[in-house]
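J.: Encoded as structure tokens, here's the structure I'll be asking about.
The values are calculated or read from the model by the stated rules, or taken from the named source; none is laboratory data. None of the values given here were measured: they were computed from a predicted structure. A quick note on method: Cβ atoms are made from the backbone with ideal geometry, for glycine too, and the neighbour counts reach across all protein chains shown. With ligands, DNA and RNA removed, areas are computed over all heavy atoms of the protein, side chains included. Shrake-Rupley method; radii C 1.70, N 1.55, O 1.52, S 1.80 Å.
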Amino acid sequence: METESGQRRPSRVVMVLLDSLNRHMLGGYGATEFETPNLDRLAATSVRFTRNFAGSLPCIPARHDILCGSLDFLWRPWGSIELWERPITHHLALAGVTTMLVTDHPHLFEVGGENYHTEFTAWDYLRGHETDPWKTRADPSWMGAPSFGRSYPYDRSRGWFRDEADFPGPRTMAAAARWLDEAAPHHDRFFLLVDEFDPHEPFDTPDPYASMYDPDWRGAHLIWPPYAAGAVAKGIISDDEGRQIRAQYGAKLTMIDAWFGRLLDAMDRNGLWDDTAFIVCTDHGHYLGEKDIWGKPAVPLYEAMVHTPLFVRWPGVAAGTNDALTTGVDLFATLADVFGVTPSHRTHGRSLVPLLTGEQRSIRDWALAGVWGREVHVIDGQHKYARAPVGDNAPISMWSNRWSTMPVHGYPTIRLPDPDDRASLDRMPGTTIPVIRQPFVAGDLLPYWAGRKFSGNHLYDLRLDPAEEENRSGTKEEKAMADLLHEALTVVEAPKDHFERLGLS
């Protein structure tokens, strides 16, 4: 299959999704704080997208964007593939494309994420990361110490990791490399997704990584970042503890980078580069002290969280940078384009293929981003505008036939309330299948992010102010961006609730 310019499309795609990957910490984007030699090695031979932004956040909503191709956050907070949509793997199967998932991501096997893997030709789940309920008791030999002394799935799993190769991230990369060695040569057309939870917390690594970036630290390493804005200013953590948390993120990043190198080595020794597109992406970034924000708290989506890395090594295309505006749903559209399939439901993406082949210089004029129930962001490539509710965070509705939200393992009694008498049957854009629409009002129990305070509207000129120090809301520029947000929400047929709660009616 060829592009309009006569270039041959790749017949295979490898996509590596590294969770919580900070763009501004990668050598491929000019960073020097942490060592990432293998990601830099790929970047040196790839097209580096400089204006790629997350769409729906956090973890599972982002995967919905990528695997289903439609923005998730405007309709629900977190959930499985719905009745009216089909993942890219469904369409690839009908086209005779082999699909393989290698992952250690626990949310894909929990309530609210449990059916994203089911339409892959095959999948391999490497156990033991974060919330994965892998073990019912800790390792009685203590050989895999430390034990963190908490009642949390990872603390039961951690003791079973005896050395570096036992950690979930290294095992995932090793399994993916084996698949490239043993299975890939037998498939003319394939899509391999390596959904790697690192460098997501817990930022737990063995030495030498754990001591690499904060060698003077004494005591147990701090592997769980707080989810807080103003954490140092409020005394939640000290400056030294902040440096330690950031150093442990760097340790996890460097460790997974080392094992990512084995994947590149497998590509080399199997001669796959000539007909394989290789993509590295993420779901979102992670705050590690920028503006004294830590983790993923309820704040507007600043650059550290929403401005994300994207590397694409494309056969026959020289390495370089591409400044076109892109977002998560565009990856679904790219896969559909590469393999010549057409989605059966409403999607929001634009294929990257014309950008990679030079047929087009841009594919979109705006991108939407956000977390359900919080600010809605519109980005035009120069400006980022975060629009907050004008009063109480209402009205807002959840649209879903698979009623769930992010599991909170520390608080098992907290569940999303069931639909009540206010619920009605409605229609999602592009489908005639009935869907439950549950409205909420001020005072209802809402998922974590939606129930937190807001700080008003935020508008930043990213070209003049990449550090986002000057909030330009209230200026004449805001009216233009508010109009653009209204246009974007209209184009995607967003629920009317958003127009009302954001004061855009």
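J.: Just to confirm the filter: which trypsin sites (Lys or Arg not before Pro) across region 150-252 are DSSP coil and have at most 10 other Cβ within 10 angstrom of their Cβ?
T.: Of the trypsin sites (Lys or Arg not before Pro), the ones in loops of region 150-252 whose Cβ has at most 10 other Cβ atoms within 10 Å are Arg218.
J.: While we're on this one: Near Leu325, within a Cβ-to-Cβ distance under 14 Å, what is the net charge of the other residues, with Lys and Arg +1 and Asp and Glu -1?
T.: Overall, the nearby charge balance is +2.
J.: Here's another thing I want to ask about it. Taking the solvent-accessible surface of protein heavy atoms with a 1.4 Å probe, what is the per residue accessible area of region 34-137 in Å²?
T.: That works out to 28 Å² for each residue.
J.: Would you kindly state how much longer the chain becomes between Arg162 and Arg452 on full extension, computed as 0.36 nm times their sequence separation minus their alpha carbon distance, in nm to one decimal?
T.: 100.4 nm
J.: Label 7 Å along Cα→Cβ of Ala319; region 7-34 residues with amide nitrogen under 14 Å?
T.: 27-30
J.: Compute the Cα gyration tensor for the chain, then decide on rounded, prolate or oblate, letting a ≥ b ≥ c be the square roots of its eigenvalues: rounded whenever a/c is under 1.5, prolate when a/b is larger than b/c in the other cases, and oblate in all that remain.
T.: rounded
J.: When the helix-only estimate is applied to the chain (DSSP H runs of n ≥ 4, each -39,500 (n - 2.57), divided by the residue count), what is the mean residue ellipticity at 222 nm, nearest 500 deg cm²/dmol?
T.: My calculation for the chain gives -7000 deg cm²/dmol from helical runs alone.
J.: What FRET efficiency do you get for Ser141 and Asp268 if R0 is 45 Å and r is their Cβ-Cβ distance, rounded to the nearest 0.05?
T.: After rounding, the FRET efficiency stands at 0.70.
J.: Take the alpha carbon atoms of region 381-414, find their center, do the same for region 361-378, and report the distance between the two centers in whole angstrom.
T.: 15 Å
J.: Same structure again: What are the lysines whose alpha-carbon lies under 23 Å from the alpha-carbon of Lys296, with same-chain residues fewer than 8 places away excluded?
T.: In chain and number order, the partners are Lys234, Lys252, Lys384, Lys453.
J.: Next up: In the chain, what % of DSSP beta bridges are antiparallel (nearest 5)?
T.: About 50 percent, rounded to the nearest 5.
J.: Sticking with this one: Could you calculate, for region 162-276, the ratio of the Cα radius of gyration to the Kirkwood radius, expressed as Rg to Rh?
T.: Here the Rg-to-Rh quotient is 1.12.
J.: Let me ask something else. Hey, rough spin-label estimate for Ala233 and Thr490, points 7 angstrom out along Cα→Cβ, what's it come to in nanometres?
T.: Label at Ala233, label at Thr490, 3.8 nm between them.
J.: Further question on the same structure: Note the full-extension length gain between Glu477 and Asp418 as 0.36 nm times their separation in residues minus their Cα-Cα distance, in nm to one decimal.
T.: 17.1 nm
J.: Loop only by DSSP, 13 or fewer other Cβ within 10 Å of the Cβ. Give me the GluC sites (Glu not before Pro) in region 279-370 that pass, ordered by residue number.
T.: For GluC sites (Glu not before Pro) across region 279-370 that sit outside H, G, I, E and B with at most 13 neighbouring Cβ atoms in 10 Å, the list reads Glu359.
J.: Right, something else. Of the accessible area of the chain, with the probe set at 1.4 angstrom, what percent is carbon plus sulfur?
T.: 50 percent
J.: Taking a probe of 1.4 Å, how large is the accessible area per residue of region 381-473, in Å²?
T.: Value returned for region 381-473: 55 Å² of accessible area per residue.
J.: Next up: With the crude spin-label approximation of a point 7 Å out along Cα→Cβ, what separation in nm comes out for Thr431 versus Gln360?
T.: 2.5 nm
J.: Where does the charge balance sit around Phe120 when Lys and Arg score +1, Asp and Glu -1, over other residues with C-beta under 14 Å from its C-beta?
T.: -2
J.: Would you kindly state how much longer the chain becomes between Asp275 and Glu114 on full extension, computed as 0.36 nm times their sequence separation minus their alpha carbon distance, in nm to one decimal?
T.: 54.8 nm
J.: For region 16-152, rounded, prolate or oblate, judged on the Cα gyration tensor with a ≥ b ≥ c (square roots of eigenvalues), a/c < 1.5 rounded, else prolate if a/b > b/c?
T.: Oblate shape, in that a/c is at least 1.5 and b/c is the bigger or equal ratio.
J.: What does the charge count near Ser20 come to, summing +1 for each Lys or Arg and -1 for each Asp or Glu among other residues with Cβ under 10 Å from its Cβ?
T.: Net charge around Ser20: -2.
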